[in-house]
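Structure record follows, encoded as structure tokens.
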Amino acid sequence: MNSIRVFVRTVDPLTSMVVSHYLDSRPNIEVVPAEEHTPVDVVVVVAERLTVDVASTLRKIKATLNAPVIMILCEITRDDLVPAVECNVAAVLPREAASRERIEEAVRTAAAGGGLLPSTMLGELLRHFEQLQREVLAPNGLHASGLTPREIDVLRLMSHGFDTSEIAEELNFSERAVKRVVSELTGRLQLRNRPHAVAYALRMGVI
């Protein structure tokens, strides 16, 4: 099993030493020094709050490392949640609850593509995206996946093996309209072909 490479970024050297030493002692976890500039799998950021400077650091980490981030914070507010998620934050741990075991669990979960949020924060985030869907996306005929209802209908039929003429008949479209829908969505989302478009829709959970 390959080691999980972790980069630790903290506000003070002592915290960095403690977190790095513990993670480096765990099986299949390797803490990578910042100066090595090697690819990493997970970034651990420890801070007091999600300040402007911390947010700037997260954006730089996203741009340069593009790895999931675990944030250990003394305080986080509702307004911090969306900016954090946009900056690749996959897990948030309140500092008072950030035991060594929970930090290790968060690292392994993030490396596997998962995430961890306190239940209250998860509820806040879900309410935010529900509001976004209701007030912004739905009135403009959009879905959180970036697909319109018409595109979702076409993709659903494609996933069942329907060809262009069958989709047109089922939806009462012209074949040209079906081809235009497919062309527009594959171009907008940079999808290679129809199977790739269907795979995208399945991954987003819309069909």
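The values are calculated or read from the model by the stated rules, or taken from the named source; none is laboratory data. No experiment lies behind these values; they were computed from the predicted model shown. We place every Cβ from the backbone using ideal geometry, glycine too, and count neighbours over all the protein chains shown. With ligands, DNA and RNA removed, areas are computed over all heavy atoms of the protein, side chains included. Shrake-Rupley method; radii C 1.70, N 1.55, O 1.52, S 1.80 Å.
Details
- Qualifying position, being surrounded by 14 or more Cβ atoms within 10 Å (Cβ to Cβ) and in contact (Cβ under 8 Å) with a residue 60 or more places away in the chain, among 19, 31, 46: 19
- Which listed residue, of 24, 53, is under 12 Å from residue 107 (Cβ atoms), surrounded by fewer than 15 Cβ atoms within 10 Å (Cβ to Cβ), free of Cβ contacts under 8 Å to residues at least 12 places away in the same chain and of a type outside the set (Gly, Ala, Ser): 24
- Only one entry in 183, 165 is farther than 14 Å from residue 152 by Cβ and open to solvent by 60 Å² or more (accessible area, probe 1.4 Å), namely 183.
- Which numbered condition residue 6 misses (of (1) surrounded by 11 or more Cβ atoms within 10 Å (Cβ to Cβ); (2) free of Cβ contacts under 8 Å to residues at least 60 places away in the same chain; (3) closer than 18 Å to residue 106 by Cα): (2)
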